[in-house]
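S.K.: Encoded as structure tokens, here's the structure I'll be asking about.
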Amino acid sequence: MMTWRSCPLRLCRALAGATLMLCLAGCGDRDTVGVQLHSRAPSGQGVLHLEITAQVAGPQTGLRYKWFSVAGGCNPQESDRPITSFKFADGATRDRVSVEVWRDGRVVGQNGIDVKLDEVRASLAALEQIPEDLRIEITAIPPYEPQGGPDTRADIAGKVGGKLASGYSVVLYARASEIWYIQPIAYASHAIRPDNTWTSWTHTGSSYAALLVRPGFEPVPRLDVLPKVGGYVVARTVVEGMRK
């Protein structure tokens, strides 16, 4: 049996080197951390946002987290908390988010996660994106007749501007006796001509509204309050009737 006293010098040096490597490896193992990422859709932040959380196994004192993505954005990009808010880039339905975990100026752990919008959330995300230059006007304004009524009738016309997508249409409302009624009949919508104008007729009222809407918009025949711009409604205008 060989003892340390009788080992050859070369073998002793080899054993000493191996012992040092094991020590360093052991020290490194004690300092590194395991990282697993999780994603969830937070409430109240819009469909393009995800909350990304890092679950860390190992010593957690003095850790800092640096977040990265391929196309989207992370906020914050660096902090001492294992969480960030990720937002998909415009038009993107998938991405990869990664994190580097740092301690004392060096990386002690890292991982990544693939994220994507499902079909429902992707369609909702598309509805959130409204081109800023879209607009609608009423150029032929019907008369001011606050009581309105089914036996009244007047012409109404207007135009739209901006980059229109295929299938956009116009929905009209007239306000009478404090209620908005769709015009001229229930569930009506009006096509936009190639020159970006539209025409129709309406029952009269005190005010008139024109909505520029996406395909799939389902108008309500009677409203207390008009829908705001957003989702299927991409532009809106309201005018008072012409007083005599």
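S.K.: Considering only region 61-95, how many residues are assigned to a strand (DSSP E or B) and within 17 Å of Val47 (Cα to Cα)?
M.R.: Within region 61-95, the subset assigned to a strand (DSSP E or B) is 64-69, 73-75, 78-79, 83-87, 94-95.
The next check asks that each one be within 17 Å of Val47 (Cα to Cα); those that pass are 73-75, 84-87, 94-95.
Count: 9.
S.K.: Can Ser169 be described as assigned by TED's automatic domain parsing to the domain that holds Gly149, hydroxyl-bearing (Ser, Thr, Tyr), closer than 21 Å to Leu127 by Cα and at pLDDT 95 or above? Show your work before the answer.
M.R.: Values: assigned by TED's automatic domain parsing to the domain that holds Gly149: yes; hydroxyl-bearing (Ser, Thr, Tyr): yes; closer than 21 Å to Leu127 by Cα: yes; at pLDDT 95 or above: yes.
In short, yes.
S.K.: Take the residues in region 37-60 that are among the small types (Gly, Ala, Ser) and in a strand (DSSP E or B), then tell me which one is surrounded by the most Cβ atoms within 10 Å (Cβ to Cβ). Outline the logic, then answer.
M.R.: Step one: list which residues in region 37-60 are among the small types (Gly, Ala, Ser), which gives 39, 41, 43-44, 46, 54, 57-58.
Next, only the ones that are in a strand (DSSP E or B) stay: 39, 54, 57.
Numbers: Ser39: 14, Ala54: 22, Ala57: 11.
The selected residue is Ala54.
S.K.: Considering only residues that are touching a Leu at 6+ places or on another chain (Cβ under 8 Å), outside any strand (DSSP E or B) and touching a residue at least 24 places away in the same chain (Cβ under 8 Å), which ones fall in region 220-244?
M.R.: Listed by number, the residues that qualify are Leu226, Gly231, Tyr232.
S.K.: Ok, one more. Which of the residues belonging to region 69-95 are surrounded by fewer than 15 Cβ atoms within 10 Å (Cβ to Cβ) and hydrophobic (A, V, I, L, M, F, W, C)?
M.R.: Correct list: Val70, Ala71, Ile83, Ala89.
S.K.: Moving on to the next point. Select, from Ala188, Ala174, Ala157, the only residue that is surrounded by 15 or more Cβ atoms within 10 Å (Cβ to Cβ), touching a residue at least 12 places away in the same chain (Cβ under 8 Å), among the aliphatic types (A, V, I, L, M) and in a loop (DSSP other than H, G, I, E, B). First the steps, then the outcome.
M.R.: On the way: Ala174 fails: in a loop (DSSP other than H, G, I, E, B); Ala157 fails: in a loop (DSSP other than H, G, I, E, B).
None of the others qualify; the one that does is Ala188.
S.K.: Against the conditions (1) out of contact with any Leu (no Cβ under 8 Å at 6 or more places or on another chain); (2) part of a strand (DSSP E or B); (3) under 23 Å from Val229 (Cβ atoms), where does Ala126 fall short? Just the number, please.
M.R.: (2)
S.K.: When both residues are 6+ apart or on different chains and their Cβ atoms are under 7 Å apart, which pairs have a first residue that lies in region 96-114 and is free of Cβ contacts under 8 Å to residues at least 40 places away in the same chain, and a second that is surrounded by fewer than 18 Cβ atoms within 10 Å (Cβ to Cβ) and not in a strand (DSSP E or B)?
M.R.: What qualifies is Arg96/Val70.
S.K.: Right, here's the next one. Consider Ile113 carefully, then state whether it is part of a strand (DSSP E or B) and in the same structural domain as Phe68 (by TED's automatic domain parsing). Step through it out loud before you land on a result.
M.R.: Numbers: part of a strand (DSSP E or B): yes; in the same structural domain as Phe68 (by TED's automatic domain parsing): yes.
Considered against the rule, which asks whether it is part of a strand (DSSP E or B) and in the same structural domain as Phe68 (by TED's automatic domain parsing), Ile113 comes out as yes.
S.K.: Go through region 191-219 residue by residue and tally those that are among the hydrophobic types (A, V, I, L, M, F, W, C), outside any strand (DSSP E or B) and at pLDDT 95 or above. I'd like the intermediate steps shown before the answer.
M.R.: Our first condition is that a residue be among the hydrophobic types (A, V, I, L, M, F, W, C); within region 191-219, this holds for 191-192, 198, 201, 209-213, 217.
Of the ones still in play, those that are also outside any strand (DSSP E or B) are 191-192, 217.
When the remaining residues are screened for being at pLDDT 95 or above, the result is 191-192.
So the answer is 2.
S.K.: Could you say whether any residue in region 190-203 is among the small types (Gly, Ala, Ser) and within 21 Å of Glu240 (Cβ to Cβ)?
M.R.: Within region 190-203, the subset among the small types (Gly, Ala, Ser) is 191, 200.
With the extra rule that they be within 21 Å of Glu240 (Cβ to Cβ), the set shrinks to 200.
Within region 190-203, one or more residues are among the small types (Gly, Ala, Ser) and within 21 Å of Glu240 (Cβ to Cβ).
S.K.: Quick one: would you say Ile136 is within 30 Å of Ser200 (Cβ to Cβ) and touching a Ser or Thr at 6+ places or on another chain (Cβ under 7 Å)?
M.R.: On the way: within 30 Å of Ser200 (Cβ to Cβ): yes; touching a Ser or Thr at 6+ places or on another chain (Cβ under 7 Å): yes.
Here the answer is yes, as Ile136 does meet what is asked.
S.K.: Sticking with this structure for a sec: Would you pick out the residues in region 197-231 that are closer than 17 Å to Glu132 by Cβ, surrounded by fewer than 18 Cβ atoms within 10 Å (Cβ to Cβ) and either not charged (D, E, K, R) or not assigned by TED's automatic domain parsing to the domain that holds Gly161 (or both)?
M.R.: Val229, Gly230, Gly231
The values are calculated or read from the model by the stated rules, or taken from the named source; none is laboratory data. What you are looking at is a predicted structure, and each value in this text was computed from that prediction instead of being measured. Here Cβ is always computed from backbone atoms with ideal geometry, including for glycine, and neighbour counts include all displayed protein chains.
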